[in-house]
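Visitor: Before anything else, here's the structure in question.
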Amino acid sequence: MGLREELGLPNPIRNHPHEAALSVVLTSDLLNKEADRLLRRFGLTEAQFNVLMLLGHQAGPEGLSQTEISRFLLVNRANVTGLVDRMEQSGLIARTTTPGDRRLKRIRMTRKGKEALSKAEAAYFGRIQETFGEMGEVERRGLIRALERIRRLLRRSAD
């Protein structure tokens, strides 16, 4: 089904680059809604899941700083502070001080966080496989390259 039909538009979209942009936005919105629906079963938000994924797959044994989490998630450091506060209160993560610099806190997953990530991650990757598994490898690689190019063009024009 085309974008016009999906959105119920009465007239064709005549600007094809605009149609492509709308298609990316709609797809992103649907992916986010599906992730929210899936992760809700595990008591997690998408942001919490993303922090757990970072801690589980990108952090060393010392964990990550809030600044690193902010940079990896592409969000404002102030937003990460509230997120980390809530995750610490729910027992998913723990803050520890850094020897030699008590101001610098490192964030690590707790046992509860590891269990939550393990369960949610299995369901998440299963759903991603269902969604993208029907595409062939060449088609997936083409999609990745096309999206990378769009991001590169947007970043270049923002400079």
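The values are calculated or read from the model by the stated rules, or taken from the named source; none is laboratory data. Nothing here was measured: the structure is a model prediction, and the numbers come from that model. Note that we place each Cβ from the backbone using ideal geometry, even for glycine, and neighbour counts take in every protein chain shown.
Visitor: Given the conditions (1) crowded, with 16+ Cβ neighbours inside 10 Å; (2) hydroxyl-bearing (Ser, Thr, Tyr); (3) touching a strand residue (DSSP E or B) at 6+ places or on another chain (Cβ under 9 Å), and given that residue 70 satisfies all but one, which numbered condition is not satisfied?
Guide: (3)
Visitor: Only one residue in 47, 21 is within 23 Å of residue 144 (Cα to Cα), surrounded by 11 or more Cβ atoms within 10 Å (Cβ to Cβ) and more than 16 Å from the chain's Cα centre (by Cα), so which one is that?
Guide: Result: 21 is the single residue among 47, 21 that is within 23 Å of residue 144 (Cα to Cα), surrounded by 11 or more Cβ atoms within 10 Å (Cβ to Cβ) and more than 16 Å from the chain's Cα centre (by Cα).
Visitor: Still on this structure, I have one more. Look through 1, 53 and report the one residue that is out of contact with any helix residue (DSSP H, G or I) (no Cβ under 6 Å at 6 or more places or on another chain), at pLDDT 95 or above and either not in a helix (DSSP H, G or I) or not small (Gly, Ala, Ser) (or both).
Guide: Matching residue, one of 1, 53: 53.
Visitor: In the stretch 78-129, how many residues are among the basic types (Lys, Arg) and either touching a His at 6+ places or on another chain (Cβ under 6 Å) or surrounded by fewer than 12 Cβ atoms within 10 Å (Cβ to Cβ) (or both)?
Guide: Qualifying residue count for the region: 3.
Visitor: Could you look through the stretch 23-57, keep only residues that are in contact with a strand residue (DSSP E or B) (Cβ under 8 Å, 6 or more places away or on another chain) and in contact (Cβ under 8 Å) with a residue 40 or more places away in the chain, and pick out the one that is nearest to residue 117 (Cα to Cα)?
Guide: Restricting to residues being in contact with a strand residue (DSSP E or B) (Cβ under 8 Å, 6 or more places away or on another chain) and in contact (Cβ under 8 Å) with a residue 40 or more places away in the chain, the top hit is 52.
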